[in-house]
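Structure, as structure tokens:
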Amino acid sequence: MGSGHNGLVAAAYLAAAGKKVVVLERNAWFGGGVVTRELTLPGFRHDQHSMSHIFIQGNPLLKNDELKLKSRYGLDYIFPDVPMMSVFEDGSTLKLYRDTEKSAAEIAKYSRKDADAFRKLSQQAAAWLPMLASTFYAPPAPVGASNAMLDQSREGRDLWRVIQMSSHDHLCDLFEHEKVRMHFARVAGENLVSPDEKATALGAYVFLGFLEAYGFGVARGGSGKLTDALIACIQDHGGEVIANADVARIKVSNGRATGVELVDGRHFDAKDAVIGAIHPHVLGSMIDGMDARVRAAAEATHVTDAACITVHAALSGPLKFRTPDTVDAVMTELLPTSYEVLRRDFDELRYHQMVPYPLLGLGCLSQFDPSRVPPGKSILHMWDYVPYTRPDGRHWDDAKAEYGRHMLNHLSRFVSNVDEVVIEAHIDSPVDMERTSPSFRRGDLHGISTSTYQSGAHRPTPDLGQYTVPGLDGFYLVGPFQHPGGGVFGAGRATAMKMFEALGLNFERQGRVK
């Protein structure tokens, strides 16, 4: 149920093992948050949600090409030399390269002390990366056991301390220059949380570790090429992927999931199992007889205060940035000159207010992949954070065009030719994002917030943290609201592992495309 990339990953592993798989998608298109569509004009292919694929690069799915998505089914990635950079309003910039010393040289423009601190941060991130990455692509260990393990060594206790700290507090310990702090604090912001939130500091190590080890993958032809490759794998092994198939409820008999019923009355029966990309807020309404306590805990999960709004634009040519420095990153953050401005913006979002200073991030991926646009043209993917419910009471359907113009006006502080190059724009408000995928509840691209009480084996709740529902056999969960969280992780692999175990299949031997 659902053709988001997590569900497709789980389905593809099962198809490779010889199971007959049917994927049902409510939309007329496939991919959930990993989709490329002509949103503006013919020939301009926009990544509607995910723009680059970062964390999935460490997944054995791609790292070892377990399903042959790269070698057989056409998935190809470009890895630009500059994954991320910040452009400050005064024209200064700070780039993060895959090469530690190149990044350190960028930071040294602001502080040699901070450049040395960055080298240590990079070294620690690389040391922690294998351990952290190993937890992302398999069912999570129990929270208590994980904490107990960390408490057994000095290194574990050092890691535990970082896990509990806010990004801001830790960055103040590491760096002295305001712009260096702001640059890394924006990493926390990309996770939809304020740098002042506790238990966000580890994100800098995870982000930097993946950035340097793998880079930011730009799928040639668009983000949706990952979806296309997964569908090709499923179909090549006899599976079906069906559009316009909106599931109304899970069919249950004698405590076991036996299939699904669609809104239009069609029924699909399941011999072995049902996989559901179902948000915890609506899970209980789709499963008859779900334990009342399990349902209540699921419905009580918290969604992030910061929702996303996105402008997709067809451009007649490339953007001309006002800074004299070359802007050549996959992900570019447009930042104020004062770190306090960024922090106060997130404070406003906590109180469901509009941010005074737009926190724009953008990518113009046609500069790396011209196949996405007509010759000589370009595309813009730009995002900001807003409350799902506007404080002025206006509905986003009526206000999104005005806010999109506000974002483009703000972009003009950094870019000199905005009005000349924008041909057509498409704006997705938080309400639109929720419409395109029920997983993006209230515009939260992670489904639910990534707070510590909704992480690991407790994501979305302790009852549901192992991708199963207590009291219901033959039913498994996928989606951004499950471990390890939102983003392109390929986390359906962990769901597949649980199913292989229950079905008596050997994942290491049978979960591969031969």
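The values are calculated or read from the model by the stated rules, or taken from the named source; none is laboratory data. Because the structure is a prediction, the values reported are computed rather than measured. No Cβ is skipped: glycine too gets one built from the backbone with ideal geometry, and neighbour counts run over all protein chains shown. Accessible surface areas use protein heavy atoms only, side chains included; no ligands, DNA or RNA. Shrake-Rupley method; radii C 1.70, N 1.55, O 1.52, S 1.80 Å.
List the helices (runs of 4 or more DSSP H) inside the stretch 122-213, counting only whole elements, that have at least 2 residues being within 18 Å of G361 (Cβ to Cβ), at pLDDT 95 or above and of a type outside the set (K, R). Before you say what the answer is, go through the steps one by one.
On the way: elements: 143-150, 154-164, 167-174, 178-189, 202-213.
Output list reads 178-189, 202-213.
Please verify whether the stretch 175-185 includes one or more residues that are among the aromatic types (F, W, Y), open to solvent by 10 Å² or more (accessible area, probe 1.4 Å) and free of Cβ contacts under 8 Å to residues at least 40 places away in the same chain. Working first, answer last.
First, the residues of the stretch 175-185 that are among the aromatic types (F, W, Y): 175, 184.
Now narrow it down to the ones that are open to solvent by 10 Å² or more (accessible area, probe 1.4 Å): none.
No, the stretch 175-185 has no match at all.
Does any residue of the stretch 238-259 turn out to be in contact (Cβ under 8 Å) with a residue 60 or more places away in the chain, part of a helix (DSSP H, G or I), surrounded by fewer than 22 Cβ atoms within 10 Å (Cβ to Cβ) and not small (G, A, S)?
Of the stretch 238-259, the ones in contact (Cβ under 8 Å) with a residue 60 or more places away in the chain are 238-247, 250, 252, 255-258.
Right, trim to part of a helix (DSSP H, G or I) and you get none.
No: the stretch 238-259 contains no residue that is in contact (Cβ under 8 Å) with a residue 60 or more places away in the chain, part of a helix (DSSP H, G or I), surrounded by fewer than 22 Cβ atoms within 10 Å (Cβ to Cβ) and not small (G, A, S).
Is it true that some residue in the stretch 125-145 is surrounded by fewer than 19 Cβ atoms within 10 Å (Cβ to Cβ), within 21 Å of the chain's Cα centre (by Cα) and of a type in the set (S, T, Y)?
yes
Determine which single condition A148 fails, assuming it passes every other condition in (1) open to solvent by less than 30 Å² (accessible area, probe 1.4 Å); (2) closer than 28 Å to L464 by Cα.
Unmet for A148, out of (1) open to solvent by less than 30 Å² (accessible area, probe 1.4 Å); (2) closer than 28 Å to L464 by Cα: (1).
Any residue in the stretch 298-314 that is closer than 19 Å to F368 by Cβ and of a type in the set (A, V, I, L, M)?
Applying the first criterion (closer than 19 Å to F368 by Cβ) to the stretch 298-314 yields 312-314.
This time we only want the ones that are of a type in the set (A, V, I, L, M), so: 313-314.
Within the stretch 298-314, one or more residues are closer than 19 Å to F368 by Cβ and of a type in the set (A, V, I, L, M).
May I ask you to list the residues in the stretch 498-514 that are open to solvent by 10 Å² or more (accessible area, probe 1.4 Å) and in a loop (DSSP other than H, G, I, E, B)?
Answer for the stretch 498-514, where residues must be open to solvent by 10 Å² or more (accessible area, probe 1.4 Å) and in a loop (DSSP other than H, G, I, E, B): L503, G504, L505, N506, R512, K514.
Got a sec? Which helices (runs of 4 or more DSSP H) wholly within the stretch 360-445 have at least 3 residues that are open to solvent by 20 Å² or more (accessible area, probe 1.4 Å), without any contact (Cβ under 8 Å) to a residue 60 or more places away in the chain and farther than 15 Å from S50 by Cα?
396-411
Check F79, F30, F44 and return the single one that is closer than 30 Å to L335 by Cα, open to solvent by 40 Å² or more (accessible area, probe 1.4 Å) and either touching a strand residue (DSSP E or B) at 6+ places or on another chain (Cβ under 6 Å) or modelled with pLDDT of 95 or more (or both). Can you show your working first?
Working: F30 fails: closer than 30 Å to L335 by Cα; F44 fails: open to solvent by 40 Å² or more (accessible area, probe 1.4 Å).
Among F79, F30, F44, only F79 is closer than 30 Å to L335 by Cα, open to solvent by 40 Å² or more (accessible area, probe 1.4 Å) and either touching a strand residue (DSSP E or B) at 6+ places or on another chain (Cβ under 6 Å) or modelled with pLDDT of 95 or more (or both).
For the stretch 328-343, give me each residue that is open to solvent by 10 Å² or more (accessible area, probe 1.4 Å) and assigned to a loop (DSSP other than H, G, I, E, B).
Matches in the stretch 328-343: D328, T337, S338.
Residue pairs, Cβ under 6 Å, 6 or more apart or interchain, first in the stretch 90-117 and polar (S, T, N, Q), second open to solvent by 80 Å² or more (accessible area, probe 1.4 Å). List them.
So the pair list comes out as S111/E176.
How many residues are open to solvent by 20 Å² or more (accessible area, probe 1.4 Å), over 25 Å from V386 (Cα atoms) and not hydroxyl-bearing (S, T, Y) when one looks only at the stretch 311-320?
Looking only at that region, the number is 2.
Which is polar (S, T, N, Q), assigned to a helix (DSSP H, G or I) and either open to solvent by 10 Å² or more (accessible area, probe 1.4 Å) or at pLDDT 95 or above (or both), of T495, T450, T461? First the steps, then the outcome.
On the way: T450 fails: assigned to a helix (DSSP H, G or I); T461 fails: assigned to a helix (DSSP H, G or I).
Going through T495, T450, T461 in turn, just one is polar (S, T, N, Q), assigned to a helix (DSSP H, G or I) and either open to solvent by 10 Å² or more (accessible area, probe 1.4 Å) or at pLDDT 95 or above (or both): T495.
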